Number of protein chains: 2
Amino acid sequence: MESRCENCIIRQFNSLRAMSKEELKKVSDSKTTKMVKKGEPIFEEGDKLNGVYCVRNGVSKLSKLSANGKDQIVKLASKGEVLGQRSVISQESTNLSAIAVDDMEVCFIPKESINNTLQKNPNFTLEVLRHMAHDLKEADDVIVNISQKTVKQRMAEAFLYLKNNFGEDADGFLALTLSREDISNVVGTATESAIRIISEFKKKGLIHTSGKKIGIKDERKLLEMVEGF
Amino acid sequence: MESRCENCIIRQFNSLRAMSKEELKKVSDSKTTKMVKKGEPIFEEGDKLNGVYCVRNGVSKLSKLSANGKDQIVKLASKGEVLGQRSVISQESTNLSAIAVDDMEVCFIPKESINNTLQKNPNFTLEVLRHMAHDLKEADDVIVNISQKTVKQRMAEAFLYLKNNFGEDADGFLALTLSREDISNVVGTATESAIRIISEFKKKGLIHTSGKKIGIKDERKLLEMVEGF
DNA sequence: TTAAAAAGCTGACAATTGTCATAGAATCCC
DNA sequence: GGGATTCTATGACAATTGTCAGCTTTTTAA
């Protein structure tokens, strides 16, 4: 189901909102919509991107393969986020892979529309810049967390992050269900370690699980653990 | 010794080069130059910055304090780099401290000049954006390195990084001399671990030392170690 | 529906890394 | 110039984390 960018509410959440009506019309005329099934890539590390992808539905993991064959998930992007901006801006091939965690619906916007607007509309550029400044700050936080916190602390933090950013379903489970392997790749640890810590948290009554679903039981204690108590 | 921004060659290396003559003149009239002694802060985590700092001489470490009381060095900035951009752009207090590793000379540019140009000169904004895109890509690499490589690999990488970015002196030592503690804070490990690995590298003939100075002896083997052989 | 594949789980063990204690070397500064 | 302080270095030990192996459960697809 196609629609016009001018009317797309998703736009309210990202830098596209700083575009003028005319610019949006051009974008809308050149964009294409794409369905991506769970597990399929939107793009992969090293690809040269000819545009950016705006997430309409579903969640994507942005990850980077390390020399030892493990993926590190750097960011989870959902509705309203724009993927591939950095690559288009710096005109380099992308350093991250984007893989669907859910079934997804994304809009592809050719780089010409983006670059054109970047050069002509300072408000748009500034808006993109603000977003990127935010991402960079977050990246700094991730660096400090990974290097200074224990795996257990980072696991606790990851669960809280998932709750705060993706919410819970009707039964009190985290709305975004990740495989144990994905969780370990967010946290930056071995899958077995992640599983072990999940078992431990369950025993301690911090979380509860059902299949691969995880629910938070004692948020306060998880928070204390993140802080180091 | 004061001088005019219009004539400053440092500018060639950073986003200020995208400013027009008039804009540069305004910047030059409002800027102040400051000497910062080794060990002194330019600004500290949580400060609200009223402008950015352009490094004319010396090296600064950008670090973030973690809950366990250790600093994590996120970036080493030298001649030509602009500090505090992110904070000024997002109008938040800064998330990093900037401390002089050397004696430094920096120019302070009030945020009004920057913000004004950001709103009026798309080329400048785009240039800043490109820089930030680059920083973000580097930050992703750091995340993957820290989470997927061993301390030994990261130490080897740090030495190569120091050689490539700051060069060597006449005697073949790394031009930028960091304390063992700073090295451990770049790598994200305990100071004792860093020292132990330095000893080990010395025994294996990968590096040589003289006091706190470190020189690279076998670059190839260090590289192999980084790659995981 | 069922066989195959993938994901989840646990134990045992090894490797890595951090912590604490201590001592010598270098540096600072009065 | 000499005492105090900080930095470097190393040993001993403990804690954390990763690896491998084997088993169970869940999911996938023929």
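The values are calculated or read from the model by the stated rules, or taken from the named source; none is laboratory data. Small disclaimer: the values here were computed from a predicted structure and weren't measured. FYI the Cβ positions are ideal-geometry reconstructions off the backbone, even for glycines, and counts take in every protein chain you see.
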Of all strands (runs of 3 or more DSSP E) fully inside the range A:45-97, the set with 3 or more residues that are surrounded by 19 or more Cβ atoms within 10 Å (Cβ to Cβ) and among the hydroxyl-bearing types (Ser, Thr, Tyr) is none
Tally, over the range A:3-44, of residues that are surrounded by fewer than 16 Cβ atoms within 10 Å (Cβ to Cβ), in contact (Cβ under 8 Å) with a residue 60 or more places away in the chain and assigned to a helix (DSSP H, G or I): 4
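Suppose the filter is touching a residue at least 12 places away in the same chain (Cβ under 8 Å) and within 16 Å of DNA strand C (Cβ to nearest atom); does B:PHE173 pass it?
In short, yes.
Within the range A:194-223, restricting attention to residues that are among the hydrophobic types (A, V, I, L, M, F, W, C) and within 11 Å of DNA strand D (Cβ to nearest atom), which residue is nearest to the other protein chains (Cβ to nearest Cβ)? Walk me through how you get there before you give the answer.
Applying the first criterion (among the hydrophobic types (A, V, I, L, M, F, W, C)) to the range A:194-223 yields A:194-195, A:197-198, A:201, A:206-207, A:214, A:216, A:222-223.
When the remaining residues are screened for being within 11 Å of DNA strand D (Cβ to nearest atom), the result is A:194-195, A:197.
On the way: A:ALA194: 13, A:ILE195: 18, A:ILE197: 16 Å.
Only one residue fits best here, namely A:ALA194.
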Scan the range A:131-140 for residues that are closer than 20 Å to A:ILE183 by Cβ and at the interface with chain B (Cβ under 7 Å from one of its Cβ atoms) and report the count. 1
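Identify, please: which residue in the range A:187-214 is among the β-branched types (Val, Ile, Thr) and closer than 17 Å to A:ASP171 by Cβ and is, among those, nearest to DNA strand C (Cβ to nearest atom)? Full working, then the answer.
To start, the set of residues in the range A:187-214 that are among the β-branched types (Val, Ile, Thr) comprises A:187, A:189, A:191, A:195, A:197-198, A:207, A:209, A:214.
Now restrict to residues that are closer than 17 Å to A:ASP171 by Cβ: A:207, A:209, A:214.
Details: A:ILE207: 11, A:THR209: 6, A:ILE214: 9 Å.
By that ranking, first place goes to A:THR209.
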Taking the criterion of being more than 16 Å from DNA strand C (Cβ to nearest atom), at pLDDT below 95 and within 14 Å of chain B (Cβ to nearest Cβ), would at least one residue in the range A:24-43 satisfy it? no
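Report yes if B:THR191 is near DNA strand D (Cβ under 9 Å from one of its atoms), among the β-branched types (Val, Ile, Thr) and away from chain A (no Cβ under 14 Å), otherwise no. Give the steps one after another, and end with the answer.
Working: near DNA strand D (Cβ under 9 Å from one of its atoms): yes; among the β-branched types (Val, Ile, Thr): yes; away from chain A (no Cβ under 14 Å): no.
So B:THR191 fails the test.
Looking at A:VAL59, is it closer than 24 Å to A:LEU160 by Cα and in contact with a Cys (Cβ under 6 Å, 6 or more places away or on another chain)? Full working, then the answer.
Values: closer than 24 Å to A:LEU160 by Cα: yes; in contact with a Cys (Cβ under 6 Å, 6 or more places away or on another chain): no.
No.
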Take the residues in the range A:158-194 that are among the hydroxyl-bearing types (Ser, Thr, Tyr) and part of a helix (DSSP H, G or I), then tell me which one is nearest to the chain's Cα centre (by Cα). A:TYR161
Across the range B:147-160, what is the total count of residues that are surrounded by fewer than 19 Cβ atoms within 10 Å (Cβ to Cβ) and either within 11 Å of chain A (Cβ to nearest Cβ) or hydroxyl-bearing (Ser, Thr, Tyr) (or both)? 2
Considering only the range B:119-129, state which residues are closer than 13 Å to B:VAL82 by Cβ and surrounded by fewer than 20 Cβ atoms within 10 Å (Cβ to Cβ). B:GLU127
So which residues in the range A:72-121 are at the interface with another protein chain (Cβ under 9 Å from one of its Cβ atoms) and within 16 Å of DNA strand D (Cβ to nearest atom), if there are any at all? A:GLN72
Given the criterion of a type outside the set (Asp, Glu), at the interface with chain B (Cβ under 8 Å from one of its Cβ atoms) and in contact with a helix residue (DSSP H, G or I) (Cβ under 6 Å, 6 or more places away or on another chain), identify the matching residue among A:VAL186, A:VAL144, A:VAL128, A:VAL226. A:VAL128
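Given the structure, is B:GLU112 closer than 14 Å to A:LYS137 by Cα and either among the charged types (D, E, K, R) or more than 16 Å from DNA strand C (Cβ to nearest atom) (or both)?
In short, no.
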Out of (1) within 23 Å of B:LEU96 (Cα to Cα); (2) within 15 Å of DNA strand D (Cβ to nearest atom), the one A:VAL142 does not meet is (2)
Candidates B:LYS221, B:LYS204, filtered to the one that is free of Cβ contacts under 8 Å to residues at least 40 places away in the same chain and under 30 Å from A:GLU92 (Cα atoms): B:LYS221
Scan of the range B:171-188 for residues that are surrounded by fewer than 15 Cβ atoms within 10 Å (Cβ to Cβ), small (Gly, Ala, Ser) and within 12 Å of DNA strand D (Cβ to nearest atom), ordered by number: B:SER179
Condition first: over 16 Å from the mean Cα position of the chain (by Cα) and within 24 Å of B:HIS134 (Cβ to Cβ). Can you find one or more residues in the range A:24-37 that meet it? no
